[in-house]
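Please treat every number below as a calculation from the coordinates, not as lab data. Nothing here was measured: the structure is a model prediction, and the numbers come from that model. Using ideal geometry, Cβ is built from the backbone for each residue, glycine included, and neighbour counts are taken over all protein chains shown.
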Amino acid sequence: MLSRRNIRIKILQVLYMMRRDKDVSAQEGMAYYQKSLSNSQDLYLFNLLTFLRVTEYAKEDLERKSSKYLPKEEDTKFTAKLFENDLVAAMHKEKEFFKLTKKKKLDSYLDEDSLKKYYKEFAATESYKKYIYEEEGEEADRKALLALFRFLAKNDGYQEDMEDRFASWEDDRSLVIGAMKKTIKSLPDSPEMYRTFRPDYEASVEFGEFMLNKLFEVEGELEALIEPALENWKMDRVADIDMILLKMAICEFLYCETIPTKVTLNEYVELAKLYSTDKSKDFVNGILDKMMKKLEGEGKISKTGRGLTG
């Protein structure tokens, strides 16, 4: 489920680390890249585990309301259906999921006080109250569970907890949020959806590992191509992130035959907007546009596949 953009970001991080620490070898850089893919999976699994554990506090809430000496009408009508529904039950039958999170020791990251706090804050929302007292059925359960995860994803405390435990949260957040929503929507029919959140071979190996190895191999050649295009700029004056983005993009131009040049150019301009300075977008766009036309004119770019010119 990792997209090429996710892979590009991870490659960028590896190359930036290696540019900052010249002692890091290509082999170590590749190992760091592969570890970052595993970390993304762990982050998703931890979000799913946290989400399920938050729903369990509906049972505690029911016990508390039921034990009141003088319960209000709303207390007597309260149910723990946020937890006691077919969708959540389907996930709890996935023993392999809990074995996996235990094996990765993700349960050790859980903080009961935080889980309880998330539940109490969500329980105070109008959407939760409406669900408890007015709505019934599987679609109502799904709607409530999606509302819970959206609430968590926007919660400042939740985001801080994720950042504290996973350095990749900021980069992988949109990916994980999308995967979580897809997982919840798949329930109860496909509780094993979590198994699909693995690094895709095409994206992580055929593209990601290929790109990293090629960048290690032809770095000098890429610099030789870039330097004339800089005109009044010297190589050492170009920001590290911008230089890495230029090398990655030109590597795609030259060696990734199935990726259209315009797609490559647009992707790296977007990455410049996200990860570099305010002026980098225009700088990277200008250099890459110039180099794309030059390399195409020299017949050095060959693209194959539907919708591409060879």
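Tabulated results
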item: Filtered trypsin sites (Lys or Arg not before Pro), the range 179-263: DSSP coil and at most 11 other beta carbons within 10 Å; result: K234
item: Computed FRET value (nearest 0.05) for E135 with K72, which takes r as the C-beta separation and R₀ as 22 Å; result: 0.65
item: Rounded to 10°, Cα long-axis angle of helix 210-229 versus longest principal axis of the chain; result: 50 degrees
item: Charge dipole (debye, nearest 20) of the chain; +1 at Cβ of Lys and Arg, -1 at Cβ of Asp and Glu; result: 280 debye
item: 20 Å binning of all Cα-Cα separations within the chain, expressed as whole percents from 0 upward; result: 28, 44, 23, 4, 0
item: Geometric extent, Cα atoms of the range 82-178 - Rg, Dmax (angstrom); result: 14.7, 40
item: Sum of side-chain charges, I287 neighbourhood, beta-carbon under 12 Å (Lys, Arg +1; Asp, Glu -1); result: 0
item: Gained length - S3 relative to E60, 0.36 nm times residue gap less alpha-carbon distance; result: 16.6 nm
